[in-house]
Ligand SMILES: [Zn+2]
């Protein structure tokens, strides 16, 4: 059992002073408000937030940051560059890269990540001798970096609607649903990691297989990329006469266990289907703007009943505050109105909703919640003078001073326990970006 004393902490969306949080076995067992620090408590000065969830990540895309802007291009030309990195990774180099990327996430204030993982096999498409070599690398990297992990093991079987896999896509496929299930269920997890299941997209898996995917994934968080690109909708409508959301709905995949990632280009019926089923929707604002995807209908989804979450996706930016701000600021630009989400709603999207999407009981400072905490300094050039109940609209990842995951301190004094995270990133990216 250990305890943390917070100068200020956000509880149920409002700010309390002098909060002692006691944990046992990684979970919060008591929260006391308005008291002084006990001598044996770790002191967290500043503003302590519940753990922040990165609902959607592809760790290896981090190797492309700051390397894709020279020639303009489109989502599809960016994807060609991404495939080149995907082709050179092996279990060892992926462990190093993912460790560095996850460490960057923890340093930025993320306490849990949903890693949407599809690098399953060797580059030529043959299985590794240890069939879970790449998955084991991701799980080990999360453990080393100290981040909680939901490994969203992704089913990826086709190169597009009615298209064979391209050579650079071969390692994404297990060959069949049965082989995907067999490998997926062989992955071993620890106390701070667990499995989930994903359909890459309605492009990469034929809709006839959605029901088999659902039946093989009972009780798991389910995720899918949905309508990130207009071309994806056009292809689905041409081939099946239905949008990707409608195809997922027909297979009975929607519901409180299902997260639609991006959901950028939705019809009114799509919004109704996701909202009425109480599905979750993961927006990735820094990626959606970087790839010129567009602005998704976040307010309309929330009003329809969907629960919003946030993710960093391609990791061109790793900053939970920038994502939650992006959700509101994109809505302001699209609607001409301010205050589309309250500060408390934005924090919930970044914390409790994300934990729920990833299958964990966390993201709030409350008894029974996982003891994952993020402390923000309130006297930095960015946060000085801000109101504590809106500070997350002003802070950046650079203002995170302490991070606790499962009751363990991973960042203290703005420093990750692994040391120089920039050096870890430079080394690991240097090995995979020729
Ligand atoms: Zn993605």
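The values are calculated or read from the model by the stated rules, or taken from the named source; none is laboratory data. Values in this document were obtained by computation on a predicted structure and should not be read as measured data. Methodologically, a virtual Cβ is constructed for each residue, glycine included, from the backbone with ideal geometry; neighbour enumeration extends over all protein chains shown.
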Open item on the list: Just to check your reading of the model, which residue among 316, 349 is touching a helix residue (DSSP H, G or I) at 6+ places or on another chain (Cβ under 9 Å), under 25 Å from residue 61 (Cβ atoms) and not in a helix (DSSP H, G or I)?
Closed with: 316
Open item on the list: Please list, ordered by residue number, the strands (runs of 3 or more DSSP E) wholly in the range 29-136 having 3 or more residues that are within 16 Å of the ligand (Cβ to nearest atom), crowded, with 21+ Cβ neighbours inside 10 Å and touching a residue at least 12 places away in the same chain (Cβ under 8 Å).
Closed with: 52-57, 110-117
Open item on the list: Condition check: under 25 Å from residue 107 (Cβ atoms) and modelled with pLDDT of 95 or more. Does residue 317 satisfy that?
Closed with: yes
TODO: Could you please give the count of residues in the range 303-329 that are more than 16 Å from the ligand (Cβ to nearest atom) and within 19 Å of the chain's Cα centre (by Cα)?
DONE: 11
- [ ] Tell me which residues, restricted to the range 286-302, are assigned to a loop (DSSP other than H, G, I, E, B) and either out of contact with any helix residue (DSSP H, G or I) (no Cβ under 8 Å at 6 or more places or on another chain) or within 16 Å of the ligand (Cβ to nearest atom) (or both).
- [x] 291, 292, 293, 294, 296
Open item on the list: Any residue at all in the range 388-400 that's closer than 24 Å to residue 44 by Cα, surrounded by fewer than 22 Cβ atoms within 10 Å (Cβ to Cβ) and touching a strand residue (DSSP E or B) at 6+ places or on another chain (Cβ under 8 Å)?
Closed with: yes
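Which of the following residues is away from the ligand (no atom under 12 Å from the Cβ), surrounded by fewer than 24 Cβ atoms within 10 Å (Cβ to Cβ) and not in a loop (DSSP other than H, G, I, E, B): 269, 278?
The conditions single out 269.
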Task: Selected residue (only one of 375, 401, 383 is modelled with pLDDT of 95 or more, under 20 Å from the mean Cα position of the chain (by Cα) and within 19 Å of residue 320 (Cβ to Cβ)) - done: 375
TODO: Go through (1) more than 13 Å from the ligand (Cβ to nearest atom); (2) modelled with pLDDT of 95 or more one by one and return the number of the condition residue 283 breaks.
DONE: (1)
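Mind checking which residues of the range 251-266 are within 16 Å of the ligand (Cβ to nearest atom), at negative phi and within 19 Å of the chain's Cα centre (by Cα)?
Listed by number, the residues that qualify are 258, 259, 260, 261, 264.
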